[in-house]
Amino acid sequence: MLIRQEIEERETQYLSQYAALASKTRGRKMPEQEDDFRTAFQRDRDKIIHCKAFRRLKHKTQVFISPVEDHFRTRLTHTLEVSQIARTIARALKLNEDLTEAIALAHDLGHTPFGHAGEFVLDDILKTNYGRRFFHNEQSARVVEVIEHDGKGLNLCAEIIDGIRNHTPDDPQPATLEGQIVRLADRIAYLHHDMEDAIRAGVLSADQLPKQYMKELGKNILDRLVGSLIVNSRDRAELKMEPAVQSAMDGLYDFMYKNVYTNPAAKREEAKVPELLTQLFRHYHYDEAFQNGIKEDDQVQHTVDFIAGMTDRYAITKFQDLFVPNEWRQAS
């Protein structure tokens, strides 16, 4: 018997009745020969880890743009923290850990350079000039469906693409509980680590944190949030925390939004992002060499895909190369 089949049988025996099973996946757009040793969800997780967009996350902003100090989070370390939290929850609830991990690792693959500031710029360009919108979750799905593997996509299972596309609070709930776990783990992760980074950066002090929420959440916020979610969701078809904990988490988010996510001290460099990305977009969109071979109807999307895929430092370097004059030196 193949090892993969043994793993799938163990899934059926061990996992909750509410878990998504790899043996019953909704499938892929293109059929693939099954792997001897890995389930479909394990195989997709490995595809994600090895793709180019995943590697670029290490140089994309989480909160602080291109931080020089080594210990601030990047989009990659955020992704790994989301994955760790989500896996812990999935295992405790007897849900599919492989599916959860795959969604978590891919959920931000389409994020722009400069974090949400970059996302807002691209959205504004498209909305103002082309009657379209840009959302990083949709771009993340596009990365795995279309852009990666030289335009062929990664051909992931439908459950993973659904979890990627619906991981933000404004989206419909993911179809699987595993996808819903990632959506919650994303918020838990960034609330925790953005607060730590803001204190490290001097944007906040520990004394400023709202006492009514911190008292409920305790010294170890991760344990409190994750523990509440696990205890209140076990053997149920929905995920929830106890009301007091949920209220404290929501209150802490509101505090972080006002004091960090829109804080002028934390975001002072973001004022430069619109001009930088707008100039890059304009340059590449109207560059004949860049658009060579691309149908006219596809050129806007071609430009969006290129700009969204940039890392912070690549965008800065290209802007300097294109728009900042070099010193003239007389030939010797």
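The values are calculated or read from the model by the stated rules, or taken from the named source; none is laboratory data. Given the structure is predicted, the values throughout are model-derived calculations rather than measurements. Reconstructed Cβ throughout: ideal geometry from the backbone, glycine too, with neighbour counts over all protein chains shown.
Filter region 14-67 down to residues that are among the hydrophobic types (A, V, I, L, M, F, W, C) and more than 20 Å from the chain's Cα centre (by Cα), then give me how many there are. Looking only at that region, the number is 8.
Which one of Gln84, Gln139, Gln42, Gln62 is under 24 Å from Ile3 (Cα atoms) and either surrounded by 15 or more Cβ atoms within 10 Å (Cβ to Cβ) or not charged (D, E, K, R) (or both)? Can you show your working first?
Details: Gln84 fails: under 24 Å from Ile3 (Cα atoms); Gln139 fails: under 24 Å from Ile3 (Cα atoms); Gln62 fails: under 24 Å from Ile3 (Cα atoms).
Exactly one of Gln84, Gln139, Gln42, Gln62 is under 24 Å from Ile3 (Cα atoms) and either surrounded by 15 or more Cβ atoms within 10 Å (Cβ to Cβ) or not charged (D, E, K, R) (or both), namely Gln42.
Screening region 175-184 for residues that are in a helix (DSSP H, G or I) and in contact (Cβ under 8 Å) with a residue 24 or more places away in the chain and picking the one that is nearest to the chain's Cα centre (by Cα) gives Val182.
Hey, among Arg132, Arg87, which residue is at pLDDT 95 or above, farther than 23 Å from Arg183 by Cβ and in contact with a helix residue (DSSP H, G or I) (Cβ under 8 Å, 6 or more places away or on another chain)?
On the way: Arg87 fails: farther than 23 Å from Arg183 by Cβ.
Going through Arg132, Arg87 in turn, just one is at pLDDT 95 or above, farther than 23 Å from Arg183 by Cβ and in contact with a helix residue (DSSP H, G or I) (Cβ under 8 Å, 6 or more places away or on another chain): Arg132.
This table checks each residue for (1) modelled with pLDDT of 95 or more; (2) of a type in the set (D, E, K, R); (3) part of a helix (DSSP H, G or I).
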| position | (1), (2), (3) |
| --- | --- |
| Arg224 | yes, yes, yes |
| Gly227 | yes, no, yes |
| Asn232 | yes, no, yes |
| Leu239 | yes, no, no |
| Gly251 | yes, no, yes |
| Val260 | no, no, yes |
| Ala266 | no, no, yes |
| Glu275 | yes, yes, yes |
| Arg282 | yes, yes, yes |
